[in-house]
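Contents: one structure, followed by commentary.
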Amino acid sequence: MKKHIFTTTLILQGFICFGQSSLLPEVVVTASKAHFSAIEPIEYTWDSLAARHKDQFSLAEILRLYLPAHVRLYGPGLISTIRVRGQSSEHFKVVWNGLSLNNAALGLFDFSGVPALLFDHLQMYHGNLAGFYGSGSGSGALVLNDLPVKKGFSVNALQAAGSFGYRQRIASLESSAGRWSLKVVNQLQYADNNYPFKNLSNQLQPLANGGYIHHNVTAGAIYRLSDKSAVNISSWFQNSAISIPPSRVESRFNTSRQWNRNQRSVINYTFTGTKLRLAAGGGAIAEQIVYHHDLLGLKDTSEVNGWQFFARGAFSAGKRSNVTYNAEHHRYQAPSANRLPEVGTHISLLNAGYEYQLTDALQLSATLRNEWQDGRASPLIARLAGRYSVANWSIQATGGNHFRWPTLNERYWVPGGNPNILPESGYTADVMISYASKKHRTEGKIFLTPFVQSLENQIIWQPQGSLWSPVNLRKTLAGGAETRVEGSVQLFSNTLAHLIVAYTYCRNVIQGSDAAAGKLAIYTPQHIGNAHLGVKTQVWHAGVQMVYQSSQHTLSDNHPSGILPGFTVLNLLVSRFVSLQKFTLRLSGEVRNLANTEYAYIPHRPMPGREFRFTLNLQFTNPKYTKS
């Protein structure tokens with residue numbers, strides 16, 4: 001009885017809380033898309049398997065399965081961060097509906113508990129293209145947005161269960177009529193994570209203290225002012241309870257727990273004219289992390305509260321030229337017992353670019369950016385880019401410098417913070433070669449992107465006497481290439497097969513004259529790959545996914561004892577769709593880690609072996625719903 005009451009409460013709660021939004025069809029410019037009309041971002045598309053099943057994946061899993069990103073994951077549903085092109089997570093920016101989500105104290109975004117279903121549109125910017133979003137985007141930026149809600153009314157309900165106590169419940173509502181658009185999503189996911197692993201004695205034992213609970217509520221409303229403009233209000237509430245198990249080499253009593261409570265809200269005004277595009281707005285962020293070490297009895301509460309204002313877009317400067325712009329101001333307060341009192345920061349950003357179409361095939365772009373933090377000015381940050389297209393081929397080259405301000409923890413942590421720590425900076429360049437072909441029954445794309453990226457004044461936490469303190473210690477030089485192949489073929493009138501294969505090679509070498517010079521940077525696998533093969537009909541959908549990661553060093557001296565072995569993991573997914581008038585039922589079954597591979601993303605933090613998941617999804621859609 002309690003379960004039925006809880007499920008009913010969950011559905012009703014999702015209809016009254018505020019969160020995510022979508023853009024109306026008439027307004028196609030969002031706070032993150034009103035730029036780069038000539039030099040486009042690297043657009044990664046999900047195959048139809050992921051698009052129709054994204055409610056079964058977390059955002060970190062989507063990045064690991066479909067994009068050239070290295071995920072550092074403590075375990076399913078536990079703390080997870082993203083690295084791109086050999087750089088740390090502090091160089092990867094996450095933007096949601098125009099709002100920067102990187103924690104001002106940590107400098108990064110924790111992907112744990114973030115479901116992929118909250119976002120309809122995903123873009124990945126690499127290298128200098130990501131610099132549009134300012135400090136902390138030197139290696140890349142992930143831009144998350146929502147697509148327009150279709151005219152009509154729909155309600156969606158999902159129940160999922162799986163191995164090791166995995167459960168997920170989702171209730172969502174979408175409505176669009178007249179000038180109004182509404183979308184609400186309520187998601188709850190939890191698991192015991194008591195999967196078996198081999199201990200140091202090579203004996204199987206269940207993982208202890210590895211469970212989690214994640215609750216996300218998103219909703220939003222849009223009012224269309226005219227055919228060219230709209231106002232969008234959206235908010236996202238996230239509440240998590242994470243148990244952090246001891247590593248394989250620690251005492252079973254060395255456990256800890258973490259509670260995350262995040263509230264993010266944003267309001268946007270968008271305008272799309274023939275010569276002007278504008279997205280302006282502001283938002284507020286309130287984030288709280290409570291950490292408790294069970295064995296030592298230590299507890300710390302860290303908060304980041306702040307707001308952001310932004311105005312970005314483009315305007316025509318002639319028949320062949322555009323001017324792009326971005327202005328931002330951020331203000332944060334970060335109270336914590338482990339930081340100096342009244343710690344806060346102001347960050348301002350101005351970005352201007354000029355794009356010129358020299359010929360029908362050749363576009364050129366130049367961008368300048370400057371930033372200010374608490375009265376200190378950054379060096380001038382510049383980017384040059386060009387794109388040449390002919391027939392089915394395209395080549396795009398970018399080059400420039402990048403920059404990252406130190407985080408609040410790096411400046412003010414007590415004890416050991418360094419208020420005089422220098423910002424990180426460096427240079428980056430890449431060339432993207434692409435080919436696209438579409439024939440009667442087949443369609444394909446090929447991408448090849450060699451890149452090089454340097455980093456100076458790298459911030460490393462090191463022991464200084466009895467304390468740990470951040471210091472500007474090293475230079476690094478990363479180089480490699482990213483490749484991606486996408487293809488689909490129409491086998492029969494109602495049967496489509498699709499394939500995605502991606503591979504990234506990255507070698508990040510420490511420069512300088514210290515003992516680590518010439519060594520590979522830690523937690524940077526040289527080889528990352530994934531592949532996806534799927535087949536779908538009107539009622540069936542089946543797919544196989546593969547993830548490959550090579551070995552990586554975890555010790556700065558590259559001693560063999562610190563090598564984390566590589567792995568290959570296979571997943572299988574099969575779904576059956578049943579339609580009856582306005583109802584659609586989806587029955588899905590998954591086998592994750594099909595070959596029962598032993599692997600880990602972090603030393604002595606084993607991932608689960610073979611696991612099973614089953615999902616039941618029911619959707620009601622009334623496309624003719626109208627409201628006067």
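The values are calculated or read from the model by the stated rules, or taken from the named source; none is laboratory data. Since the model is a prediction, treat every value here as computed from it, not as a measurement. For neighbour counting, all protein chains shown are included, and Cβ atoms are generated from backbone atoms with ideal geometry for every residue, glycine included. To get the accessible areas, we keep the full protein, side chains included, count just its heavy atoms, and leave off ligands, DNA and RNA. Shrake-Rupley method; radii C 1.70, N 1.55, O 1.52, S 1.80 Å.
Go through the range 339-377 and count every residue that is loosely packed, with under 14 Cβ neighbours inside 10 Å and either closer than 19 Å to Pro419 by Cα or polar (S, T, N, Q) (or both).
Adding up the residues that qualify gives 8.
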- Task: Would you check which residues across the range 487-508 are surrounded by fewer than 17 Cβ atoms within 10 Å (Cβ to Cβ) and closer than 16 Å to Leu455 by Cα and list them?
- Result: Arg507
- Task: Would you check which residues across the range 424-450 are more than 22 Å from Ser137 (Cα to Cα), touching a Lys or Arg at 6+ places or on another chain (Cβ under 9 Å) and open to solvent by 50 Å² or more (accessible area, probe 1.4 Å) and list them?
- Result: Tyr435, Lys445, Ile446
- Does Phe36 meet the test of being assigned to a loop (DSSP other than H, G, I, E, B), modelled with pLDDT under 80 and open to solvent by less than 20 Å² (accessible area, probe 1.4 Å)? yes
- Query: Out of the residues in the range 338-365 that are over 27 Å from the mean Cα position of the chain (by Cα) and in a strand (DSSP E or B), which is farthest from Gly131 (Cα to Cα)?
  - Reply: Arg339
- Query: Looking at Thr398, Thr407, Thr345, Thr359, which is the one that is of a type in the set (Val, Ile, Thr) and over 30 Å from Asn103 (Cβ atoms)?
  - Reply: Thr359
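So, Thr554, is that one touching a Phe, Trp or Tyr at 6+ places or on another chain (Cβ under 7 Å), within 30 Å of Val452 (Cα to Cα) and not acidic (Asp, Glu) or not?
Yes: the conditions hold for Thr554.
Criterion first (in contact with a Phe, Trp or Tyr (Cβ under 7 Å, 6 or more places away or on another chain) and within 30 Å of Val323 (Cβ to Cβ)) does Ser139 satisfy it?
Details: in contact with a Phe, Trp or Tyr (Cβ under 7 Å, 6 or more places away or on another chain): yes; within 30 Å of Val323 (Cβ to Cβ): yes.
Spelling it out, Ser139 is indeed in contact with a Phe, Trp or Tyr (Cβ under 7 Å, 6 or more places away or on another chain) and within 30 Å of Val323 (Cβ to Cβ).
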- Message: Filter the range 604-622 down to the residues that are in a loop (DSSP other than H, G, I, E, B) and open to solvent by less than 30 Å² (accessible area, probe 1.4 Å) and list them by number.
- Response: Met607, Pro608, Gly609
- Some residue of the range 519-528 being within 30 Å of His604 (Cα to Cα), open to solvent by less than 60 Å² (accessible area, probe 1.4 Å) and over 24 Å from the mean Cα position of the chain (by Cα): yes
- Query: Looking at (1) surrounded by 18 or more Cβ atoms within 10 Å (Cβ to Cβ); (2) not in a strand (DSSP E or B), which is the only condition Tyr601 fails?
  - Reply: (2)
- Message: I'd like to check something: does the range 452-474 contain any residue that is farther than 22 Å from Gly426 by Cα, of a type in the set (D, E, K, R) and open to solvent by less than 60 Å² (accessible area, probe 1.4 Å)?
- Response: no
- Task: Collect the residues in the range 315-337 that are of a type outside the set (Ser, Thr, Tyr) and part of a strand (DSSP E or B), keeping them in residue-number order.
- Result: Phe315, Ala317, Gly318, Asn322, Val323, Asn326, Ala327, Glu328, His329, His330, Arg331, Gln333
- Message: Checking Ile421 against (1) part of a strand (DSSP E or B); (2) among the hydrophobic types (A, V, I, L, M, F, W, C); (3) in contact with a Lys or Arg (Cβ under 8 Å, 6 or more places away or on another chain); (4) surrounded by fewer than 20 Cβ atoms within 10 Å (Cβ to Cβ): exactly one of these is not met. Which one?
- Response: (1)
- Which numbered condition trips up Asn596, out of (1) touching a strand residue (DSSP E or B) at 6+ places or on another chain (Cβ under 9 Å); (2) modelled with pLDDT of 95 or more; (3) open to solvent by 30 Å² or more (accessible area, probe 1.4 Å)? (1)
- Task: Search the range 213-231 for residues being open to solvent by 10 Å² or more (accessible area, probe 1.4 Å) and within 22 Å of the chain's Cα centre (by Cα), and hand back the single one that is nearest to Leu118 (Cα to Cα).
- Result: His215
- Residue check: is Gly589 at pLDDT below 95 and either open to solvent by 80 Å² or more (accessible area, probe 1.4 Å) or assigned to a strand (DSSP E or B) (or both)? no
- In the range 273-304, which residues are of a type in the set (S, T, N, Q) and either open to solvent by less than 30 Å² (accessible area, probe 1.4 Å) or within 21 Å of the chain's Cα centre (by Cα) (or both)? Gln288, Ser302
- If you scan the range 543-579, which residues turn out to be assigned to a strand (DSSP E or B), open to solvent by 70 Å² or more (accessible area, probe 1.4 Å) and within 14 Å of Ala600 (Cα to Cα)? Tyr548, Ile563
- Message: Can you pull out every residue in the range 305-330 that is over 27 Å from the mean Cα position of the chain (by Cα) and open to solvent by less than 50 Å² (accessible area, probe 1.4 Å)?
- Response: Ser316, Gly318, Ser321, Asn322, Val323
- Task: Under 7 Å between Cβ atoms, at least 6 apart or on separate chains: pull out the pairs that start in the range 443-462 with a residue that is without any contact (Cβ under 8 Å) to a residue 40 or more places away in the chain and more than 16 Å from Ala516 (Cα to Cα) and end on any residue that is surrounded by 20 or more Cβ atoms within 10 Å (Cβ to Cβ) and acidic (Asp, Glu).
- Result: Pro450/Asp430
- Return the only residue of Gln159, Gln123 being surrounded by fewer than 23 Cβ atoms within 10 Å (Cβ to Cβ), modelled with pLDDT under 90, under 30 Å from Val544 (Cα atoms) and out of contact with any His (no Cβ under 8 Å at 6 or more places or on another chain). Gln123
- the range 381-421 - residue that is among the aliphatic types (A, V, I, L, M) and in contact (Cβ under 8 Å) with a residue 40 or more places away in the chain and, of those, nearest to Gln357 (Cα to Cα): Ala385
